[in-house]
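> Would you mind keeping the following structure in view while I ask a few things?
The values are calculated or read from the model by the stated rules, or taken from the named source; none is laboratory data. Since we're looking at a predicted model, the values are computed, not measured. All Cβ positions, glycine included, derive from the backbone under ideal geometry; neighbour counts span all protein chains shown. To get the accessible areas, we keep the full protein, side chains included, count just its heavy atoms, and leave off ligands, DNA and RNA. Shrake-Rupley method; radii C 1.70, N 1.55, O 1.52, S 1.80 Å.
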Amino acid sequence: MRHARLVAVAMLLVAGTLGAWPGAPEKDYPTTPVPLTDVTFTDPFWAPRLETVRTVTLAATFKQSEDTGRIKNFEIAGGLATGAFCSRYAFDDSDVFKIIEGAAYALTTKADPALSAYVDGLVGKIAKAQEPDGYLYTARTIDPAKAMPMAGKARWINEEESHELYNAGHLYEAAVAHYQATGTRTLLDVAIRNADLICSVFNLQGRRAVPGHQEIEIGLVKLYRTTGNRKYLDQAQFFLDQRGKADGHKLYGEYAQDHKPVAEQTEAVGHSVRAAYMYSGMADVAALTGNQPYIAALNRLWDNVVGRKLYLTGGIGATGAWEGFGPDYDLPNSAYAETCASIANALWNYRMFLLEPDAKYFDIYERAVYNAMLSGLSLSGDRFFYPNPLLSLGQHERSPWFACACCPSNLPRFMLSIPGHAYAVAGNDIFVNLYVQGSARIKTPQGVVAFDVKTNYPWSGDVRIIMTQVPRSTGLVLRLRVPGWARGEPVPGDLYRDVAPLDGGVTLSVDGEPKSNTLRPIGGYLISRGYLTIPLGSTVGTYYDLHLPMPIRRVVAHPSVKADAGRVAVERGPLVYAAEFVDNGGRVTNLQLSDNAALRSQQRPDLLGGVTVITGPATAYRTRDEKVVAQTVPMTLIPYYAWAHRGKGEMVVWLAREADKARPAPETTLASQAKASSSEGGKTLQGLNEQYEPTDSNDHTGIYFHWWPKKNTTEWVQYDLAAPATVSETSVYWFDDTGQGECRTPRSWRVLYKRGDEWVPVATTDPYGTTKDRYNTVRFTPVQTTAIRLEVQLPEKFSAGIQEWKIK
Ligand SMILES: [Zn+2]
């Protein structure tokens, strides 16, 4: 009973606080989101997924937080348990805050006494872990004298790495969500005490360091909206304004977007999650303060990302070396595209829309959410991707957790907030941004508007909106997003384009009467900034049928994107498609899709939770007796988000369009059939003989084997042959990631073979080469053996690795 009452209070609070903030700011986003409590999803795509997140992902991530010591850290810091800091990173507190935020969204929409009680328990532990002056950071509080190096020897002196302010930001976001969900101030008070301390420490008279990882700016703004206390907004702006200013702190450089003042930034650089959180914070502050230089910078940065640094999947961050952006048009399909970065990209574009309602922002949001972000979570809800590449040679599979668990903890909070992004209001305009079956109840200046939505989106482009409540007053306007993909513009700008652009096909009818049959203005209905604009009638029961054409589309990239040259990707509606080994005879990098191959879509309710697949003929290339042969084969494509659920193997988004881009399936060799083992590791052993031909020693596309972090030791790799054979030659392509990592070519090496039970060096006069960027071949007196071994002396200060190892 008590719980039911609490939930009722919570509903009121959410409706009250999200719609109109207490002490409503003078300036704000011109567009107001419709809170998630006023939106219901009942469709077969999102509703079951969100239910999985609510019932599986939340539990799984809380359990992992328990098992990895993240929760115990709070208990120890709060004196409820004894011991040392027992997880790995100083930012591990933030994962718990993020999952609590997700749980809070779950609780706002559905009562769950067990979850509620568990969260209450966690909040109690967090409150205990807070120091009397408000400081909250278990990595230090547990034992300040033994704080790990990244935490710094004292509070806030190593902010570049410590994540003290980053953790705080996630605490504030969680606290606001928890307050809105439960109506209790327990976590909010913890957040306020912490924020008050930070405001008193970081200011022009005090510390002028900025967060090494942005996030607190977003949290502070939420705290401002919830409490009405302006100092939190000012503090968010302070952190943004100090960025890139060398007179207050030693600059962190491009990696943390601390290379120049934020208002002067023009190119997206560095760590992509840091960047997009910062852009989101700038949008929030700009909306609330009218800061025009921020808005101008955001527009430039957006043009840069969308025009030059965006993956087709909506992912951002090309390289794992700094988890971030590469140069313009540098979009290798080995893509890092961290799950968190897709979330950050969506959060940023969502705010750009609120700032200036244009459908182009939701084109990016939708692309990121339906593709790159969704790939981050398994259909089962308890396995995760950190990077989301557009090409796999079989080295990728989702994991139940990571030592750095930012992505698993980010997914529930983001996904459970999606219903709150679907609709928005600006004056008399009602924006429909996402098409999801269900219903919405929207407060407008003319009164409440409510409607049901019937659609099978994203599998179908037919959407019916049926009015269930409309005010008498006229003047309201329905603005239905016509996605770029339905207007012949898959992304705003020219980074990607349709091979055969759609021309028309979008139709609208009202109560069954056709009102327009083309994109162009017809019958008074205009497409303005990507929205079809319809005056809203005042009759309950009126229905609007929007038809978005959903043909299979072929997409190509801007010629400057070298990785996609001569390649083509396939899309249908908002979904990017991928070819996966399991549907295509074991390989897909050897397939070529010609422009005139007829493709068809087919619903497969039995497959991958129910998907529409795309099928058609492709040309498969194989090597036979050292000659390349081509053969027409049936090809099946699945939605990209659903890849990697049926074992490890090849996957490509960008299929070869030109024959020379296909990688002929290699013939089996002694090496490819051998069983690999090594002195150390084992995770990447398949890299030795997966038969990917590297372009250079630093090529990260294929799978590479390495001994890192071992240095200055003698190590080995070994092939146990499928059957005894005569071997007389070996070729090694060394891995060397100078500029990114700690692998170099080895100091020396030699070849041994197995004779009986002993390892014997082969007889050779060839030099054992350590040249980069090519094979180093050694011929030796033929040996009859069952196993061959490379013995490698690692450099004194570096490790080493192997791209590919062949034997003959
Ligand atoms: Zn992450």
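> I want the local charge near LEU593. Using Cβ-Cβ distances under 12 Å, sum +1 for each Lys or Arg and -1 for each Asp or Glu among the other residues. Please report the intermediate quantities before stating the final value.
Details: positive: ARG554, ARG567, ARG657, LYS661; negative: ASP595, GLU658.
Net charge in that neighbourhood comes out at +2.
> Report the label-to-label distance for GLU66 and SER380 in nanometres (one decimal), using points 7 Å from each Cα along the Cα→Cβ vector.
Placing both labels 7 Å along Cα→Cβ, they lie 1.9 nm apart.
> Moving to a separate point now. Provide the FRET efficiency to the nearest 0.05 for the ILE157-LYS128 pair, computing r from the beta carbons and using R0 = 22 Å.
Working: r = 25 Å, r/R0 = 1.16.
FRET efficiency, ILE157 to LYS128: 0.30.
> Now for a different question. Whenever you get a sec, compute what percent of the accessible area on region 324-481 sits on carbon and sulfur atoms (1.4 Å probe).
The nonpolar share, carbon plus sulfur, comes to 49 percent.
> Sort region 454-603 into rounded, prolate or oblate with this rule: let a ≥ b ≥ c be the square roots of the eigenvalues of the Cα gyration tensor; rounded if a/c is under 1.5, and if a/c is not under 1.5, prolate when a/b is larger than b/c, oblate otherwise. Walk me through the intermediate numbers first.
Working: a/c = 3.07, a/b = 2.12, b/c = 1.45.
Prolate shape, in that a/c is at least 1.5 and a/b is the bigger ratio.
> If you plug each phi of region 384-401 into the Karplus form 6.51 cos²θ - 1.76 cosθ + 1.60 with θ = phi - 60°, what whole-Hz ³J(HN,Hα) values come out, in order, with x for Gly and Pro?
Values per residue, Gly and Pro as x: 9, 9, 8, x, 10, x, 9, 8, 10, 9, x, 8, 10, 8, 5, 10, x, 5 Hz.
> With θ set to phi - 60°, apply the Karplus curve 6.51 cos²θ - 1.76 cosθ + 1.60 along region 475-483 and write out the HN-Hα couplings as whole Hz, x wherever there is a Gly or Pro.
Each residue of region 475-483 in turn: x, 6, 10, 8, 10, 9, 5, 9, x Hz.
> Something else about it: Which order do TYR640, TYR543, TYR350 take by accessible area at a 1.4 Å probe, largest first?
On the way: TYR640 0, TYR543 60, TYR350 25 Å².
Descending order: TYR543, TYR350, TYR640.
> I'd like the FRET efficiency for THR726 and THR42, computed as 1/(1 + (r/R0)^6) with the beta carbon distance as r and R0 of 56 Å, rounded to 0.05.
Values: r = 67 Å, r/R0 = 1.19.
After rounding to 0.05, the efficiency reads 0.25.
> What net charge is computed for the residues neighbouring ASN698, neighbours being all others with C-beta under 9 Å from the C-beta of ASN698, Lys and Arg scored +1, Asp and Glu -1? Don't skip to the end; give the middle numbers.
Values: positive: LYS772; negative: ASP696, ASP699, ASP736, ASP737, ASP773.
Taking every other residue near ASN698 into account, the sum is -4.
> Moving to a separate point now. Given the whole protein assembly as supplied and a 1.4 Å probe, what does the accessible area of LYS231 come to in Å², nearest 10?
80 Å²
> Follow-up. For the chain, give me the percentage of DSSP beta bridges that are antiparallel, rounded to the nearest 5 percent.
Numbers: 123 of 131 bridges.
Of all bridge pairs located within the chain, approximately 95 percent are antiparallel.
> Mind checking which of GLY609, ALA620, GLN631 is farthest towards the positive end of region 591-690's charge dipole, using Cβ charges of +1 (Lys, Arg) and -1 (Asp, Glu) about the Cα centre?
GLY609
> Report the full-extension gain for the segment LYS772 to ASN299: residue separation times 0.36 nm, less the Cα-Cα distance, to one decimal in nm.
Details: separation 473, 0.36 × 473 = 170.28 nm, distance 4.24 nm.
Length gained between LYS772 and ASN299: 166.0 nm.
> Enumerate the amide H contacts of TYR531 below 5 Å, restricted to partners 5 or more residues apart or on another chain; note that Pro and chain-start residues carry no placed amide H.
ALA359, VAL482
> If I ignore ligands, DNA and RNA and count only protein heavy atoms, how much of MET415 is accessible to a 1.4 Å probe, in Å² to the nearest 10?
0 Å²
> Run the numbers for ARG604 and ARG529: contour at 0.36 nm per residue of separation, minus the present Cα-Cα distance, in nm. Intermediate values should be presented prior to the final figure.
Numbers: separation 75, 0.36 × 75 = 27.00 nm, distance 3.51 nm.
Length gained, ARG604 through ARG529: 23.5 nm.
> Another question about this same structure. Estimate the FRET efficiency between GLU742 and THR542 by the formula 1/(1 + (r/R0)^6), using the beta-carbon distance for r and 51 Å for R0, to the nearest 0.05.
Working: r = 65 Å, r/R0 = 1.28.
The value I calculate is 0.20.
> Of LEU752, ALA787, THR764, which is farthest on the positive side of the dipole of region 728-808, counting Cα position, with +1 on Lys and Arg Cβ, -1 on Asp and Glu Cβ, and the Cα centre as origin?
Final value for the positive-end residue is THR764.
> Now a separate question. Treating cross-link reach as a plain straight distance, find the aspartates and glutamates whose alpha-carbon is under 14 Å from the alpha-carbon of LYS128, omitting any fewer than eight places away in the same chain.
GLU75, ASP93, ASP120, ASP189
> Would you be so kind as to identify which of TRP708, LEU36, ALA662 lies farthest towards the positive end of the dipole of the chain, taking Lys and Arg as +1 and Asp and Glu as -1 on Cβ and the Cα centre as origin?
Value: LEU36.
> Relative to the longest principal axis of the chain, what angle (0 to 90°, nearest 10) does the C-alpha long axis of helix 2-19 take?
It is inclined by approximately 90 degrees.
> I've got another one for you. Filter the cross-link list LYS454/LYS515; LYS63/LYS443; LYS661/LYS772; LYS711/LYS808; LYS146/LYS250; LYS98/LYS125 down to pairs whose alpha-carbon distance in this structure exceeds 27 Å.
Checking Cα-Cα distances, LYS63/LYS443; LYS711/LYS808 exceed 27 Å.
> While we're on this one: Rounded to the nearest 500, what is the chain's calculated 222 nm mean residue ellipticity when only DSSP H runs of at least 4 contribute -39500 (n - 2.57) each, over all residues? Don't skip to the end; give the middle numbers.
Working: 18 runs with 221 residues, N = 808.
Counting only the DSSP helices, I get -8500 deg cm²/dmol.
> Okay, moving on. Taking the Cα centroid of region 398-436 and of region 38-88, what is the distance between the two, rounded to the nearest whole Å?
17 Å
> Output the 0 to 90 degree angle, nearest 10, between the alpha-carbon long axis of helix 230-242 and the longest principal axis computed from the alpha carbons of the chain.
40 degrees
> Something else now. Using the Karplus curve 6.51 cos²θ - 1.76 cosθ + 1.60 with θ = phi - 60°, what ³J(HN,Hα) values do you get for each residue of region 590-605, in whole Hz, with x for Gly and Pro?
9, 8, 10, 10, 8, 5, 9, 5, 6, 10, 9, 9, 8, 6, 10, x
> How much length is gained if the chain between ASP494 and LYS562 is pulled fully straight, taking 0.36 nm per residue apart and subtracting their Cα-Cα distance, in nm to one decimal?
Full-extension gain reported as 23.0 nm.
> Then there is this: Given a 1.4 Å probe and every protein chain left where it sits, what share in percent of the accessible area of region 44-164 is carbon and sulfur?
Numbers: 2640 of 4640 Å².
Result for region 44-164: 57 percent of the exposed heavy-atom area is carbon or sulfur.
> Heads up, I need the accessible area for THR771: 1.4 angstrom probe, whole protein in place, Å², nearest 10.
About 60 Å², rounded to the nearest 10.
> By the gyration tensor of its Cα atoms, with a ≥ b ≥ c the square roots of the eigenvalues, what is the shape of region 248-297: rounded for a/c under 1.5, prolate for a/b over b/c, or oblate? Intermediate values should be presented prior to the final figure.
On the way: a/c = 1.95, a/b = 1.59, b/c = 1.22.
Verdict is prolate for region 248-297.
> Same structure again: Taking the Cα atoms only, what angle lies between the long axis of helix 58-67 and the longest principal axis of the chain, rounded to 10 degrees?
60 degrees
> Can you tell me how region 64-164 classifies by the Cα gyration tensor, rounded, prolate or oblate, using a/c under 1.5 as the rounded cut?
Here region 64-164 falls in the prolate category.
> Then there's this: Taking a probe of 1.4 Å, how large is the accessible area per residue of the chain, in Å²?
Working: 29310 Å² over 808 residues.
On a per-residue basis, 36 Å².
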